[in-house]
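S.K.: Pasting a structure here, questions to come.
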């Protein structure tokens, strides 16, 4: 089981036309709260990380206009906000630091991960209630695609606790890792865990068209479902799932994987989706499969995305 020990928390200090503000948005408050709570369970350290997205032109204008605060004053204000968060973490018994940089949010966060070996990134995101609405902003999507370590994108729900976790599996090594992380996290949260996979059966249709009897087609379909369920149970045997207060619920859905997962999120009132993203043969920054690309913008709950061990990050410290 991967034990997270060095957490990077993205703190969004932008607000409307202000470069930095001391009024934290609801998504950022949710991310900070969840990070402190999670770090307390794990004994992990936190870095609160704020990126001031100032272009070279903006910096020049700030320096030339006496009525505008200098970028040093803007940085000082940001440091003050982060100092309050560090104090908040200290009161909860968590070791934390704050860091402010100037640059592009997702790029600087990934560089910080690479530089300081962070093993988890936590950020807040917009609160969307309908599946048809896009939940993750551009920074969240870039991190989900390109950050080398797990990324937890947190929806600002009213409930501070994770009650229901869904793990989406394709039986790969990275989905096994996702399941392991979910089971161990559920031990701390006393959450219910659901494990799901999707079977999209094209062969049955072709069997019918070629004149195979309905009985044989149905027998084949049932064998496919049974095989998938057995593989899910096999994945479970490699975890500590028997230590959970409630048994893991196993589901095999029929149809496109993204739709099966979205239906399960709605049906089982999922708070957190845990899933692996698969690299395409070492190509830097790529996520394989239509499932991940179609699913990510639509997820209506918090998401913990896990990269495979051979993921190649497209960002370097020299970028």
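Conditions (1) surrounded by 23 or more Cβ atoms within 10 Å (Cβ to Cβ); (2) within 20 Å of the chain's Cα centre (by Cα); (3) at pLDDT below 85, marked per residue:
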{"position": "1", "(1), (2), (3)": "no, yes, yes"}
{"position": "7", "(1), (2), (3)": "yes, yes, no"}
{"position": "14", "(1), (2), (3)": "no, no, yes"}
{"position": "29", "(1), (2), (3)": "no, yes, no"}
{"position": "39", "(1), (2), (3)": "yes, yes, no"}
{"position": "42", "(1), (2), (3)": "no, yes, no"}
{"position": "46", "(1), (2), (3)": "yes, yes, no"}
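S.K.: If you scan region 264-285, which residues turn out to be surrounded by fewer than 16 Cβ atoms within 10 Å (Cβ to Cβ) and at pLDDT below 50?
M.R.: Passing the criteria: 280, 281, 282, 283, 284.
S.K.: Would you pick out the residues in region 234-246 that are surrounded by fewer than 13 Cβ atoms within 10 Å (Cβ to Cβ) and modelled with pLDDT of 95 or more?
M.R.: Listed by number, the residues that qualify are 234, 237, 238.
The values are calculated or read from the model by the stated rules, or taken from the named source; none is laboratory data. None of these values were measured; they are calculated from a predicted model. Methodologically, a virtual Cβ is constructed for each residue, glycine included, from the backbone with ideal geometry; neighbour enumeration extends over all protein chains shown.
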